[in-house]
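The values are calculated or read from the model by the stated rules, or taken from the named source; none is laboratory data. Note that the coordinates shown come from a computational prediction; the quantities given were computed from them, not determined experimentally. Cβ: placed from backbone, ideal geometry, glycine included. Neighbour counts: every protein chain shown.
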Amino acid sequence: TQLLEQSPQFLSIQEGENLTVYCNSSSVFSSLQWYRQEPGEGPVLLVTVVTGGEVKKLKRLTFQFGDARKDSSLHITAAQPGDTGLYLCAGVNSGAGSYQLTFGKGTKLSVIP
Amino acid sequence: GAGVSQSPSNKVTEKGKDVELRCDPISGHTALYWYRQRLGQGLEFLIYFQGNSAPDKSGLPSDRFSAERTGESVSTLTIQRTQQEDSAVYLCASSKAGQGNYGYTFGSGTRLTVV
């Protein structure tokens, strides 16, 4: 069974601060996806990283895929209250036309105004 | 439809009763997942459908759980003889064929409460 470990599990910061959350595994994935989930809603895809070492930016969010495609990080610059939510990473295994997701347990972020 | 639709959005049932949860994926999406999310927890894989292939049922927690999918359309998740530990949000997600590597679209979930 492949596992994705996310850290920290909980994070509470003041508006304007920077933060980084991590997603680590001993397994190699074909790609890694980051989702944000707000209360009462399903997860919403933020980004997919595919190539080892890849860096993607989405406004104040920067996502990086490790060179070995086993880990990833999400960095938020100048956090805003609207960034509050549960951040989930999901590793993708592809083979024979199927794409199976393995989710981490998530990082619950609270940004205090 | 424009998104993944799940119904009902909320369901309260008595212990021992059967429940059926429905998922309407995005039209043309051949891959479909069911996940369970307990309060404050991550997503627990239940079952995966990919086109006409045999579904991956390896995540179903017991034989009280079953799921069906008609072709590439609607899927139903059935829980028989519900127990209190079945209380959770049940999420459905879908993806285009060959596009799962690039992200799945989730529904808003069905919140199941067993009393």
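A few comments on the model shown:
- Residue within the stretch B:44-57 that is under 25 Å from A:Glu5 (Cα atoms) and of a type in the set (Phe, Trp, Tyr) present: yes
Yes or no, residue by residue, for (1) surrounded by 21 or more Cβ atoms within 10 Å (Cβ to Cβ); (2) of a type in the set (S, T, N, Q); (3) over 26 Å from A:Gly85 (Cα atoms):
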| position | (1), (2), (3) |
| --- | --- |
| B:Pro55 | no, no, yes |
| B:Gln80 | no, yes, yes |
| B:Ala88 | no, no, no |
| B:Cys92 | yes, no, no |
| B:Tyr104 | yes, no, no |
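- Selection status of A:Ala79, crowded, with 19+ Cβ neighbours inside 10 Å, among the small types (Gly, Ala, Ser) and more than 12 Å from every other protein chain (Cβ to nearest Cβ): yes
- A single entry from B:Gly107, B:Gly42, B:Gly103 fulfils the requirement of being without any contact (Cβ under 8 Å) to a residue 12 or more places away in the chain, in contact with a Gly (Cβ under 7 Å, 6 or more places away or on another chain), at the interface with another protein chain (Cβ under 10 Å from one of its Cβ atoms) and of a type in the set (Gly, Ala, Ser): B:Gly42.
- Residue check, B:Ser66 at negative phi, under 11 Å from the mean Cα position of the chain (by Cα) and either of a type in the set (A, V, I, L, M) or modelled with pLDDT of 90 or more (or both): yes
- Residues of the stretch A:23-65 satisfying the condition of being surrounded by fewer than 16 Cβ atoms within 10 Å (Cβ to Cβ) and aromatic (Phe, Trp, Tyr): none
- All positions within the stretch B:3-17 that are within 10 Å of B:Gln83 (Cα to Cα) and either within 14 Å of chain A (Cβ to nearest Cβ) or basic (Lys, Arg) (or both): B:Lys15, B:Lys17
- Near pairs, Cβ below 7 angstrom, 6+ apart or cross-chain, from the stretch B:79-97 (under 24 Å from B:Val4 (Cα atoms) and modelled with pLDDT of 95 or more) to any residue that is part of a strand (DSSP E or B) and of a type in the set (D, E, K, R): B:Ala88/B:Arg36; B:Val89/B:Arg111; B:Tyr90/B:Arg36
- Here B:Val12 fulfils each of the conditions (1) in a strand (DSSP E or B); (2) surrounded by 13 or more Cβ atoms within 10 Å (Cβ to Cβ) apart from (2).
- Options B:Ile26, B:Ile47; residue that is under 11 Å from the mean Cα position of the chain (by Cα), within 14 Å of chain A (Cβ to nearest Cβ) and surrounded by 14 or more Cβ atoms within 10 Å (Cβ to Cβ): B:Ile47
- Of the residues examined, A:Arg69 is one that is at positive phi and buried (at least 18 other Cβ atoms within 10 Å of the Cβ).
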